[in-house]
Amino acid sequence: MSATTARPARTVPPLVHGIAGTTAFVTILAFWTSTVVSELLADAATVAAVKLTIAWGLLLLVPALAVTGLTGFRLAGGSAAPLVAGKKRRMPVIAANGILVLVPCALTLAVLSARGDYGPTFQAVQTLELIAGLTNLVLIGKNIRDGLTLAGRLAATG
Ligand code: HEM
């Protein structure tokens, strides 16, 4: 069979999609927990180091989200399955939340903490970042659950 007649659903290994999606989830979980733990327990220098590490971590998160989305739509092909429709609906919210909220928040927090500025702006941006991060963890978690169900690795919960 020539490449032009191959079905789109077979052009991407599901494993690549699954690994990229799981990487996005684990990255946000690491950002979230390191933020909460450092701000509750650590000194300002440690908080600043965590904020800088998170800013660099965007270089992992953003490509992981992009690869997940692109490979997901390729895998889905023209499928009208309800689980696929749900994943398609969540993906733009996940992407917008990541690119429009998490990225600017992470960069702002890295700059402010490097200056030792933990004032009201830092607090507000930090709160927004934690809410957006939690929202994405829930949405990405649902996409992982539905993906594993579609792949036959998890029993459908109905
Ligand atoms: C952040 C978003 C997403 C995450 C974390 C995610 C995660 C996963 C995971 C973990 C799997 C199981 C892979 C395996 O075990 O082989 C999977 C499968 C799948 N995903 Fe996603 N996914 C996401 C977005 C999407 C989107 C936007 C689509 C497009 C509609 C999509 C379509 C699929 C399909 C069709 C499968 C089944 C692949 C197969 O036939 O085995 N996913 N996904």
Helix 82-96: angle to the longest alpha-carbon principal axis of the chain, degrees 0 to 90, nearest 10? 30 degrees
Step through the residues of region 118-125 one at a time and calculate ³J(HN,Hα) from phi using the Karplus curve (6.51 cos²θ - 1.76 cosθ + 1.60, θ = phi - 60°), rounding each to whole Hz and writing x for Gly and Pro. 10, x, x, 5, 4, 4, 5, 5
In what order do D117, D146, D43 fall by count of nearby beta-carbon atoms within 10 Å, going from fewest to most? D43, D117, D146
How do W56, W32 line up, fewest other C-beta atoms within 10 Å first? W56, W32
Using only the alpha-carbon atoms of the chain as identical scatterers, what base-10 log of I(q)/I(0) does the Debye formula give at q = 0.10 Å⁻¹? -0.42
Determine the dipole magnitude for the chain: charges of +1 sit on the beta-carbon of Lys and Arg, -1 on that of Asp and Glu, nothing else is charged, the reference point is the Cα centre, and the result goes in debye to the nearest 20. 840 debye
Output for region 42-102 (equivalent-ellipsoid semi-axes, sqrt of 5λ from the C-alpha gyration tensor, Å, descending) is 33, 11, 8
Before anything else, pin down the relative contact order of region 12-150: Cα pairs under 8 Å, at least 6 apart, normalised by residue count, whole percent. 36 percent
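Every number here is computed from the coordinates shown, using simple stated rules; none is lab data. From a predicted model like this one, the values you see are computed outputs, not experimental measurements. Ideal geometry is used to build each Cβ from the backbone, glycine not excepted, and the neighbour counts take in all protein chains shown.
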